[in-house]
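K.L.:
For reference, the structure I am asking about is given below.
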Amino acid sequence: MNKDQVAVYLNGHLEFFNEYPELLRKIQEIKEEDLPIEPIKTLSLTDRIIKRVHDDKEHLKRKLEGLFEISRANEKIQDHLFEIEQLVLTSTNLNQMVSQLRQEILSRFGIPSVVVCLVQGSDHFMEDRLRERYHGELDETLKFISKETASSWFEGNPKPVLRGEVKESEVFLSSEDLIKSEALIPIVAKETLVGVIACGSPNAFHFYEGLGTEFLERMANKVAISINNILLIDQLKEQLVH
């Protein structure tokens with residue numbers, strides 16, 4: 001206990017001196033002129049309690065202001081993500097959807113480098129068919145990776161991976177990207193890893209281990225639904241042509 005706590009305790013438990021009368025006698029025998037600090041310049045017990053309450057009140061006030069600031073920031077992120085999700089879910093063109101996704105993430109969150117990677121599945125001709133379908137326009141918006149590559153990025157566990165102070169990125173290979181930190185968000189459909197949303201920043205501490213990823217995971221879920229819908233529509237169109 002500190003001095004203030006001792007003083008508060010004794011003030012509220014005067015029966016304490018019933019058990020230690022010799023201590024009370026010693027206190028009563030102290031003369032004011034013997035005190036090392038003049039009483040008029042010391043804080044009374046009441047003043048100390050008031051000061052402690054005031055300090056606690058200021059601390060709680062600053063804490064509440066911080067929580068309100070976090071809440072406002074989260075609401076802003078929620079609004080941005082809602083608009084991005086609406087855009088993604090209403091897209092019927094894969095190239096257009098990915099291009100708009102990149103532009104929106106840049107303009108709303110200031111993340112300059114965004115790549116969507118699709119994992120090659122059982123259909124080994126998907127990449128060729130998609131490139132033919134979009135006339136090579138996918139080169140700027142999509143990458144195709146093997147299951148082995150995707151598994152190595154997540155070490156077999158499809159959970160977001162955040163890296164700070166990146167020296168050499170395995171995703172953003174171009175030297176023009178100048179990536180110093182990155183976030184790899186898995187796109188999971190029917191409990192299967194079908195792709196990755198990779199976000200890169202020139203700021204070495206934009207992404208770091210321990211950063212919350214709930215918003216990014218939610219966006220990735222919507223992208224998974226959109227990609228599945230777009231590929232299904234393309235498949236139906238192809239069947240109708242045949």
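Bear in mind these aren't lab numbers, they're just calculated from the coordinates by the rules spelled out. In this text, all values refer to a predicted model and were calculated from it rather than measured experimentally. Using ideal geometry, Cβ is built from the backbone for each residue, glycine included, and neighbour counts are taken over all protein chains shown.
K.L.:
What shape does region 72-119 have by the C-alpha gyration tensor, where a ≥ b ≥ c are the square roots of the eigenvalues, rounded means a/c under 1.5, and otherwise prolate means a/b greater than b/c and oblate the rest?
P.N.:
Cα axes put region 72-119 in the oblate bin.
K.L.:
Of the trypsin sites (Lys or Arg not before Pro) in region 168-218, which ones lie in a loop per DSSP and count no more than 11 other C-beta atoms within 10 Å?
P.N.:
Taking region 168-218 and a limit of 11 other Cβ atoms within 10 Å, the loop trypsin sites (Lys or Arg not before Pro) found are 190.
K.L.:
A 32 angstrom limit on the alpha carbon distance is what I want to check against. Which of 57/159; 147/180; 63/167 exceed it?
P.N.:
57/159; 63/167
K.L.:
Moving to a separate point now. How large is ³J(HN,Hα) for each residue in region 69-84, as worked out from phi by the Karplus curve 6.51 cos²θ - 1.76 cosθ + 1.60 (θ = phi - 60°), to whole Hz, x for Gly and Pro?
P.N.:
Coupling constants for region 69-84: 5, 4, 4, 5, 5, 5, 5, 5, 4, 4, 4, 4, 5, 4, 5, 5 Hz.
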